[in-house]
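These notes are about the structure you will find just below.
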Amino acid sequence: MTSTQRLECRAKFFFLGEKKFHLQGVTYGPFRPDSNTPDIFLPAEEKIKRDLEIIRQLGANTLRLYHVPPRWFLDLLAENQLYALITVPWQQHLTFLDHRKTRHDIQHRIRRAAEQCANHPALMALLIGNEIPSDMVRWYGAKKIRNFLDELIAIVKNQDANTLVSYAAYPTTEYLIPRFADFLTYNVYLHRQTDFQNYLARLQNLAEEKPLILGEFGMDTQRHTQAEQAEMLTWHIETVIRSGLAGTILFSFTDEWFTGGHDITDWEFGLVTRDRSPKLAYHTVQKLWKNSSSLVPLPQTPKVSIVVCSYNGGKTLKGALESLDRLTYPNYEIILVDDGSTDNSQQLVQEFETDRAQRANKPDFKNIIQPNLGLSAARNNGIHAAIGEIIAFTDSDCIADREWIYYLVNTLLQGDFAAVGGPNISPPAHNWVQACVAAAPGSPSHVLTSDTVAEHVPGCNMAYWKWALLEIDGFDIEYRKAGDDVDVCWRLIQRGYQIGFSPSAVVWHHRRFTVKAYFKQQSGYGEAEALLRFKHLIYFGTTGGAKWRGTVYGTPRFEHIFSGPIIYHGTFGMGLFQCIYPRQEAAWIGIVSSLEWMLFTLFIFLLSWKIEPLRLLPLIMLGLTLAASASWMARARLEPKHDSILSRLLLLYLALTQPWVRSWARYFTWLKHKCTPRKVIASKETSLQGKVIWITPSQQAFWNEQGKTRQTLLDKMLTLLEDEGWKYSIDVGWSNWDLLIFGNRWWHLKIKTANEFHGGPKVLTRVIYQPKLTAFSFIILIFILSLLLVLVEKSAYVFAGTALVMVFLLYRGRRFQKRIAALTEAAAEQCQFFSLNKKTMNQW
């Protein structure tokens with residue numbers, strides 16, 4: 001550390017310049033003060049110097065203090081290349097919000113600490129509080145306490161904007177997370193490794209894009225042996241590193257400890273004794289921390305093939321390749337698949353290969369050029385060229401953290417996962433427009449069903465065992481722009497596999513640079529949702545938007561405006577672990593933001609011309625839409641240097657229009673693809689000349705004496721549906737139908753099957769058809785019915801038009817149903833089933 005370097009937070013880690021800084025700390029003091037300096041809780045200066053030498057030999061780089069030290073002490077730390085994490089003490093055990101004088105005194109303490117330590121290179125960060133008692137939080141409510149902590153953080157930032165600030169929480173009030181903290185700090189004492197590892201996964205998700213450190217962890221050697229302490233700190237440090245935390249602070253450096261006006265003699269948490277004799281744990285920690293330049297070795301390092309797909313990505317491609325070329329993982333290759341780029345991408349690839357030619361120990365690099373076939377085809381080409389057991393994917397507009405693959409592989413090896421992903425974080429914006437685009441809704445993000453299991457991981461940060469991709473035949477080439485990652489995740493989940501999540505496997509993902517590019521991206525996502533809906537209907541709502549079962553991360557939380565977080569307080573709010581489940585976007589926000597809502601608002605507005613009592617209603621509806629957009633504008637995180645009134649107004653505009661752009665693309669893609677396949681229009685079922693044998697107008701039955709069940713028939717039906725080009729969804733266990741076929745813009749058809757077993761191999765398979773009008777049909781009908789209300793004097797004409805539309809819909813529906821029934825007949829014939837009619841069934 002030089003005399004001028006200060007730490008910075010970037011995503012999940014601390015950085016010292018361009019080098020990642022892993023915090024390795026011990027608590028120091030408080031010690032009994034000298035009578036001449038009652039406010040300085042430190043030993044004599046000579047003793048401090050000896051302590052600092054022992055701490056340096058330990059391999060520590062940070063001291064946590066529970067008081068504000070004098071400036072000369074910080075100077076000593078700087079000379080010894082050590083940092084100080086300073087806790088500012090105040091009356092947190094009292095009802096501190098009740099009296100103005102108490103509040104002002106606390107604010108004064110924080111301000112004085114910030115002034116005293118401002119701009120000092122040895123200052124790592126200030127902690128503006130430590131473990132506010134749970135009954136105080138319960139007394140005031142979490143919101144009031146959190147707002148007060150944010151006020152204290154603002155005081156520090158006003159004194160020195162570069163000072164890092166946090167609050168030290170603990171499991172009893174884990175939900176107490178200041179919004180403006182630079183990183184999260186938790187004091188955690190869990191002595192079982194499994195519990196500890198699981199809890200770290202939870203804390204990492206609470207921390208989201210911010211670094212997470214442990215502010216205290218240790219074991220008392222009066223109640224445990226020194227060997228137990230050494231063993232526990234070994235797995236503690238290894239687990240912290242593998243879990244991707246930004247660091248840990250061990251409690252404590254020495255058994256000497258003074259608090260509450262007394263020397264503490266019935267606890268001995270130190271790595272050294274009171275006379276500074278090293279314990280067994282000191283030497284254990286020293287071995288681990290002295291080797292901190294390398295990560296904890298993985299049990300195995302399978303070959304990883306990193307596939308980067310690019311189409312005209314020259315603006316960011318070289319930076320992406322250079323970041324991948326310098327990963328710490330020892331066994332990987334890089335595969336670039338250029339999907340028919342027309343920009344200077346290949347020139348940049350040549351420059352990249354020239355630059356790396358002189359480097360030793362570089363990974364293998366493959367440059368594959370293909371015509372423009374789309375994203376999925378490019379990824380499949382990468383899979384075929386890969387020789388690794390694991391295939392990782394990222395994009396040409398991403399910069400990978402140096403330990404990216406290490407954390408992905410670590411998670412794959414730890415759990416029974418077929419795939420794993422991590423967060424994608426926006427790097428610092430180039431201008432205020434890009435900052436707004438990065439904070440706008442709709443960015444790719446992960447969806448978690450638990451602290452370690454994902455429902456979806458974004459395509460710019462995901463890795464799969466190669467066997468898993470081969471089992472599902474890779475990516476579906478129908479997805480040319482987006483949606484391929486969602487499709488693969490859902491197909492793996494439907495096969496019973498799990499997808500893991502590694503919160504520290506970070507890639508920096510450049511968001512779109514302009515508003516135009518942002519809307520183009522959102523339009524592409526809308527198209528992908530429409531295509532996904534054909535295959536995975538159970539994952540979509542009635543308006544066509546994805547319906548996630550897990551929690552979507554990376555979106556603003558709305559509890560401050562609309563509702564509080566769900567906090568499970570334990571027994572009277574005093575339980576040890578107080579879990580918080582922050583509310584995501586309320587359902588009504590999604591409804592009033594939608595294109596359907598705006599069209600309905602417009603319709604009511606037009607209707608109000610004739611019906612005067614309705615005239616206020618569209619204004620209220622529009623107000624709700626603006627309120628939902630304003631809530632995003634107010635709560636979205638913008639980079640401070642780009643946060644202005646103009647930026648917030650642009651964010652309001654983006655939040656207002658993004659759902660419309662996405663829905664518009666979704667509907668037009670849906671209508672474009674929801675039509676009877678050309679092959680069906682051109683020919684009938686040749687095997688039966690369109691013949692259909694019915695039991696009832698919507699039911700068929702098929703008999704066989706070979707023990708074949710309905711699954712045999714369904715499998716053959718799927719083959720014929722694929723051959724003819726139908727769009728359909730298959731039930732995966734959550735629906736009351738087996739198949740849903742998307743016939744045209746007007747009708748869907750649900751197909752349900754059942755078996756009757758009649759002894760031995762005799763099986764009767766019943767098939768029932770349930771036609772269902774599409775949303776498009778409903779819109780047309782509602783529009784016509786509305787005309788009946790408005791054009792009362794011409795209702796006869798409107799009624800006649802309505803009758804014609806109904807006749808047309810019934811005709812199309814019946815023709816569609818008969819066509820699918822004929823396909824079922826063909827499938828049954830190929831399965832050697834015998835079709836039964838009503839007369840045959842009655843004879844039974």
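The values are calculated or read from the model by the stated rules, or taken from the named source; none is laboratory data. Here the structure is a predicted model, which means the values were calculated and not measured. Positions of Cβ are generated from backbone atoms using ideal geometry, with glycine treated the same way; all protein chains shown enter the neighbour counts. The accessibility values were calculated without ligands, DNA or RNA, using every heavy atom of the protein model including side chains. Shrake-Rupley method; radii C 1.70, N 1.55, O 1.52, S 1.80 Å.
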So Val165, is it crowded, with 23+ Cβ neighbours inside 10 Å and at negative phi: yes
Which condition does Gly500 not pass, out of (1) assigned to a strand (DSSP E or B); (2) under 18 Å from Leu531 (Cα atoms), if it passes all the others? (2)
Quick check on this structure: which one of His108, His99, His104 is out of contact with any Leu (no Cβ under 7 Å at 6 or more places or on another chain), without any contact (Cβ under 8 Å) to a residue 12 or more places away in the chain and under 19 Å from Val165 (Cβ atoms)? His108
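Table: residues versus (1) in contact (Cβ under 8 Å) with a residue 60 or more places away in the chain; (2) closer than 18 Å to Gln817 by Cβ.
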| site | (1), (2) |
| --- | --- |
| Leu713 | yes, yes |
| Met717 | yes, yes |
| Glu724 | yes, yes |
| Ser735 | yes, no |
| His748 | no, yes |
| Thr753 | no, yes |
Taking segment 168-177 and the residues there that are closer than 14 Å to Leu127 by Cα and either open to solvent by less than 10 Å² (accessible area, probe 1.4 Å) or of a type in the set (D, E, K, R) (or both), the one that is modelled with the highest pLDDT would be Ala168
Out of curiosity, is Ala113 over 23 Å from Leu23 (Cα atoms), in a helix (DSSP H, G or I) and small (Gly, Ala, Ser)? no
Looking at Leu7, Leu85, Leu16, which is the one that is open to solvent by less than 60 Å² (accessible area, probe 1.4 Å), within 15 Å of Pro211 (Cβ to Cβ) and touching a Ser or Thr at 6+ places or on another chain (Cβ under 9 Å)? Leu85
How about segment 717-742: which of its residues are among the small types (Gly, Ala, Ser) and either more than 35 Å from the chain's Cα centre (by Cα) or at positive phi (or both)? Gly725, Gly733
Residue satisfying all of: in segment 245-273; in a loop (DSSP other than H, G, I, E, B) and of a type in the set (Phe, Trp, Tyr); least open to solvent (accessible area, probe 1.4 Å) among these: Phe253
Determine if segment 190-205 includes at least one residue that is of a type in the set (D, E, K, R), in a helix (DSSP H, G or I), farther than 24 Å from Ala454 by Cα and out of contact with any Leu (no Cβ under 9 Å at 6 or more places or on another chain). no
Count, please, the residues in segment 416-442 that happen to be of a type in the set (S, T, N, Q) and either open to solvent by less than 30 Å² (accessible area, probe 1.4 Å) or without any contact (Cβ under 8 Å) to a residue 40 or more places away in the chain (or both). 2
Go through the residues of segment 380-387 one by one and say whether even a single one is open to solvent by 70 Å² or more (accessible area, probe 1.4 Å), modelled with pLDDT of 90 or more, touching a Pro at 6+ places or on another chain (Cβ under 9 Å) and within 23 Å of Leu469 (Cβ to Cβ). no
Of the residues Ser450, Ser445, which is on the phi < 0 side of the Ramachandran plot, open to solvent by less than 30 Å² (accessible area, probe 1.4 Å) and either modelled with pLDDT of 90 or more or in a loop (DSSP other than H, G, I, E, B) (or both)? Ser445
Among (1) closer than 30 Å to Asp255 by Cβ; (2) at pLDDT 90 or above; (3) surrounded by fewer than 13 Cβ atoms within 10 Å (Cβ to Cβ) - the single one Thr284 does not satisfy: (3)
